[in-house]
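Here the structure is laid out as structure tokens; the discussion comes afterwards.
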Amino acid sequence: MSDAALAPAGPLAADIRPSGNQPPRIRPQAGAEDWVMRGAIALLGVYFIITLVLPLYTLLIKSVEDKDKNFIGVANFARYFADPALTQSLINTFTVSIIGTVITIFLAFLYAYALTRTCMAMRGILRAVALVPLLAPSLLPGLALIYLFGNQGIFKGLLMGHEIYGPIGIIIGEVFFAFPHALIILVTALSVADQRLYEAADSLRASPTRVFMTVTLPGCRYGLISAAMVVFTLIFTDFGVPKVIGGSYNVLATDVYRQVIGQFNFQMGAVVGLLLLFPAVISFTVDRLVQRKQVALLSARAVPYRPSPRPKTDRFFLIVACLIAGFLLLILGMAFLGSIITFWPYKLVPTLKWYDFTRLGTDGWGPYFNSLRMAAMVALIGTAIVFTGAYLTEKSRGAKGLRSALHLIAMVPLAVPGIVLGLAYIFFFNAPGNPLGLIYNTMTILVVNTICHFYTVCHLTAVTALKQVDAEFEAVSASLKVPLFRTFWRVTVPVCLPAILDISVYLFVNAMTTVSAVIFLYASDTKLMSINAINTDDAGNTASACAMGMVIVVTSAVLKGLHSLLVRRLHKRTQAWRQR
């Protein structure tokens with residue numbers, strides 16, 4: 001392939017010289033398209049500034065001001081660390097995060113190893129079960145643990161005098177919540193291996209333990225570190241589980257909520273928010289550095305690893321995987337059981353009265369339809385913004401420095417906890433004199449916040465898909481004087497359609513289950529189902545809160561099923577070129 005074929009569309013078209021019988025129209029057309037792309041990149045930059053940069057900057061400013069908006073430096077931070085109750089929350093947060101991360105990574109590694117390195121039965125079913133927690137809001141495991149180990153719980157005697165309300169409950173709930181995130185990363189890490197290394201180890205008569213320590217673990221060490229960073233950040237910043245099951249055991253996420261909602265101390269809320277942000281940023285930075293050091297595990301001569309049947313090992317890991325899957329199903333099943341029992345634990349007759357939200361005086365089904373509307377808007381608008389933004393940063397050739405900066409900014413939301421982003425939106429959009437304040441207390445701010453919160457994963461998915469599309473398509477289109485937008489619509493979008501659908505369903509499900517990012521931003525007419533479940537549990541109606549959580553789970557599961565059917569059908573119509 002020549003260098004001219006790989007050149008950017010704009011310069012390529014501009015360098016074409018018109019012949020004697022051809023009017024010189026190519027240079028103006030290419031110039032116009034180039035300026036349109038530059039303008040779109042600038043708009044993307046404005047979008048990031050409004051939805052991410054300025055809110056976080058406002059949060060930082062608020063943390064160094066007093067209530068009269070006078071600059072006081074680090075005095076608020078000094079007040080925070082001088083308060084033993086507040087500093088204890090920081091210690092508590094680190095404690096449950098570290099313990100929860102160790103347990104989650106250990107269980108997820110066993111499960112991932114069973115799925116990828118053994119020939120055990122039911123691998124497809126077990127893989128599907130492990131991803132079920134992704135469909136549930138983080139408050140649901142906390143509600144289920146109340147029925148399992150609470151004062152009237154089935155297994156409360158197993159705690160040997162300890163209460164579930166506190167670190168034990170938080171850790172168990174967070175393991176359920178973070179498990180599928182770690183599993184996805186570890187399955188990917190363990191799926192890539194060179195069969196020749198294991199054959200060489202067998203020929204050298206190395207013991208299984210030595211092979212595991214010298215071949216398997218080094219091969220997936222980067223995946224382990226990445227999974228640990230992700231899980232630690234999720235647990236450290238989660239709000240739903242500690243809010244429901246934490247009791248008097250305070251953590252940073254609940255401290256932010258208490259300072260802002262309970263005491264209207266916005267300055268101290270900003271301080272706690274920044275404390276939540278720093279560990280997440282450190283974890284994100286470590287993960288990025290680790291990924292840079294990662295090397296390819298499969299060369300051109302590598303032989304993909306295929307596990308061979310080992311009956312005893314396969315049975316052992318099948319038992320382990322079934323126990324872990326049973327734990328996940330027990331949590332979800334207990335939440336469902338709690339939502340259909342008439343009066344726990346005295347009247348165990350099944351009933352659907354807890355799903356009659358209108359009769360229970362919990363705003364009826366309005367929050368559910370708000371969640372559906374918000375999730376649909378996030379999926380449609382967010383997918384368009386994310387994919388277009390990824391296309392501009394990946395495929396355009398103008399403003400290279402700005403595109404690099406925008407790609408870097410697109411990584412930032414992954415390191416910003418949802419509750420911190422929501423607090424930053426309060427300070428920025430509710431500031432006096434801000435013309436954008438008109439979206440405050442509306443559905444629009446919930447949509448904007450949710451898209452920003454989950455932007456990074458979607459951006460990386462879109463960029464990965466776009467990298468598979470050769471730049472020659474744009475070059476040929478420019479040489480044939482085909483408008484760039486037509487190439488984008490007829491070539492790029494169909495080729496990347498599977499990734500686009502994955503992004504849309506990811507945004508929809510996360511919008512349905514989100515709690516922390518929108519806990520500060522909803523109004524009386526924009527209350528979401530997940531928020532309503534939190535408020536209902538606060539009012540003491542745990543059964544109805546479980547019912548609301550299960551409605552979210554069922555809705556997310558139905559959408560995932562429809563997504564699978566749609567993808568299968570569209571694959572036949574638009575992805576036939578992938579088949580030989």
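The values are calculated or read from the model by the stated rules, or taken from the named source; none is laboratory data. Fair warning: this is a prediction, and the values are worked out from it, not measured in the lab. Glycine also receives a Cβ, built like all others from the backbone with ideal geometry; neighbour counts cover every protein chain displayed.
One table, with the values for the structure above:
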{"quantity": "Subset of region 310-355 that is part of a loop (DSSP other than H, G, I, E, B) and closer than 25 Å to residue 148 by Cβ - its residue that is farthest from the chain's Cα centre (by Cα)", "calculated": "346"}
{"quantity": "Helices (runs of 4 or more DSSP H) contained in region 461-580 and holding at least 3 residues at pLDDT 90 or above and surrounded by fewer than 17 Cβ atoms within 10 Å (Cβ to Cβ)", "calculated": "542-574"}
{"quantity": "Condition check for residue 383: among the hydroxyl-bearing types (Ser, Thr, Tyr) and either part of a helix (DSSP H, G or I) or not assigned by TED's automatic domain parsing to the domain that holds residue 148 (or both)", "calculated": "yes"}
{"quantity": "Test: residue in region 490-511 that is under 24 Å from residue 423 (Cβ atoms) and of a type in the set (S, T, N, Q)", "calculated": "yes"}
{"quantity": "Those helices (runs of 4 or more DSSP H) lying entirely in region 22-82 with at least 1 residues modelled with pLDDT under 80", "calculated": "26-48"}
{"quantity": "Residues located in region 535-546, provided they are closer than 10 Å to residue 143 by Cβ and among the aliphatic types (A, V, I, L, M)", "calculated": "543, 545"}
{"quantity": "The one condition in (1) modelled with pLDDT of 50 or more; (2) exposed (fewer than 14 other Cβ atoms within 10 Å of the Cβ) that residue 19 fails to fulfil", "calculated": "(1)"}
{"quantity": "Residues that are over 18 Å from residue 421 (Cα atoms), of a type in the set (Val, Ile, Thr) and modelled with pLDDT of 90 or more, drawn from region 213-243", "calculated": "231, 241"}
{"quantity": "Residues within region 62-90 that are touching a residue at least 60 places away in the same chain (Cβ under 8 Å) and surrounded by 12 or more Cβ atoms within 10 Å (Cβ to Cβ), tallied", "calculated": "11"}
{"quantity": "Wholly enclosed helices (runs of 4 or more DSSP H) of region 200-286 bearing at least 1 residues farther than 30 Å from residue 136 by Cβ", "calculated": "208-211, 221-237"}
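Quick grid of which residues meet (1) aliphatic (A, V, I, L, M); (2) under 18 Å from residue 255 (Cβ atoms):
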| site | (1), (2) |
| --- | --- |
| 45 | no, no |
| 49 | yes, no |
| 61 | yes, no |
| 66 | no, no |
| 73 | no, no |
| 76 | no, yes |
| 81 | no, yes |
| 96 | yes, yes |
